[in-house]
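No value in this document is a laboratory result; all are computed from the given coordinates. Computed from a prediction, not measured in an experiment: that's the story for all the values here. No Cβ is skipped: glycine too gets one built from the backbone with ideal geometry, and neighbour counts run over all protein chains shown.
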Amino acid sequence: MTAKKTAPLETSSTATLTAPVEDYLKAIYELETRQGNAATSDVADALEVAPASVTGMVRRLAAQGYLDHVPYHGVQLTEVGRRAALKTIRRHRILESYLSTMLDYAWDRVHDEAERLEHAASDELIERMAAALGHPTSDPHGAPIPTAEGTVTEPQRRTLADLPIGERARMLLVSDRDPELLRYLTEIGLHPGVDVTVLARAPFDGPITLRIGRTEAIVGTRLAEQVLVAHDLKPAR
Ligand SMILES: [Zn+2]
């Protein structure tokens, strides 16, 4: 049998990573996705550890081939590091989806559970969960789930704060990190897949009035900046 297949994510080089290593690679991937680079100080902030311990871990990960130093810009994942990060992210997002869909967890409570389970669950368990869910492509917060082959399409970073007045858009995703924010979004009816229109925006980063379904809500700029939207609802030219 000579099946031509992309190597699955569980290659021997990424099979035995420790939980801290998985957390580092995931944090660096997320920083690169969000802001294009990962300064060591940002990695320290993201992981809530001292900058000095980041320096040590980064040196080890570079020596092991997971990342490269980029002068003046921090670190960058190598292809091996990227695949390892995507594997952990796939596990995390499938766990969140399973907790939400099968076990009725609210979307503000799945992240902490998934943070713990992502390091412990076997590959078989994760793939059985994915199959039971019908192989979902996004998690409860709208984030894309990388495939088992390690491909993922990251959405454009267009937020509710960028949306012109009067333009309708569809909510795509919100970060899973702030349970309080997620509960507030639930309160005003904002979830991935929901249509939203900016009705008014006060000057100088003032409050933004939204229409969500049949109701209106007023949100701050800080919230609007955290909600990603797709604006493909206008009729094609
Ligand atoms: Zn999460």
### Query
Where does the chain land at 222 nm, in deg cm²/dmol rounded to the nearest 500, when only DSSP H runs of n ≥ 4 count, each adding -39500 (n - 2.57), divided by all residues?
-12000 deg cm²/dmol
### Query
DSSP loop GluC sites (Glu not before Pro) in region 146-237 with at most 16 other Cβ atoms within 10 Å of their Cβ, which ones?
149, 167, 225
### Message
Quick check: net charge around residue 51, other residues with Cβ under 12 Å of its Cβ, Lys/Arg +1 and Asp/Glu -1?
### Response
-3
### Task
Express in nm, to one decimal, how much length is gained between residue 170 and residue 216 on full extension, taking 0.36 nm for each residue of separation and deducting their alpha carbon distance.
15.0 nm
### Summary
Taking only the alpha-carbon positions of region 1-154 as identical scatterers, the Debye log10 I(q)/I(0) at q = 0.09, 0.10, 0.11, 0.21 Å⁻¹ comes out as -0.29, -0.36, -0.43, -1.38
### Computed E for residue 200/residue 69 - FRET, C-beta separation, R0 35 angstrom, nearest 0.05
0.15
### Task
Excluding residue 105 itself, calculate the net charge of residues whose Cβ lies under 11 Å from the Cβ of residue 105, where each Lys or Arg counts +1 and each Asp or Glu counts -1.
-4
#### Entry: Spin-label pair residue 162/residue 60, simplified geometry with 7 Å Cα→Cβ offset, distance in nm
3.7 nm
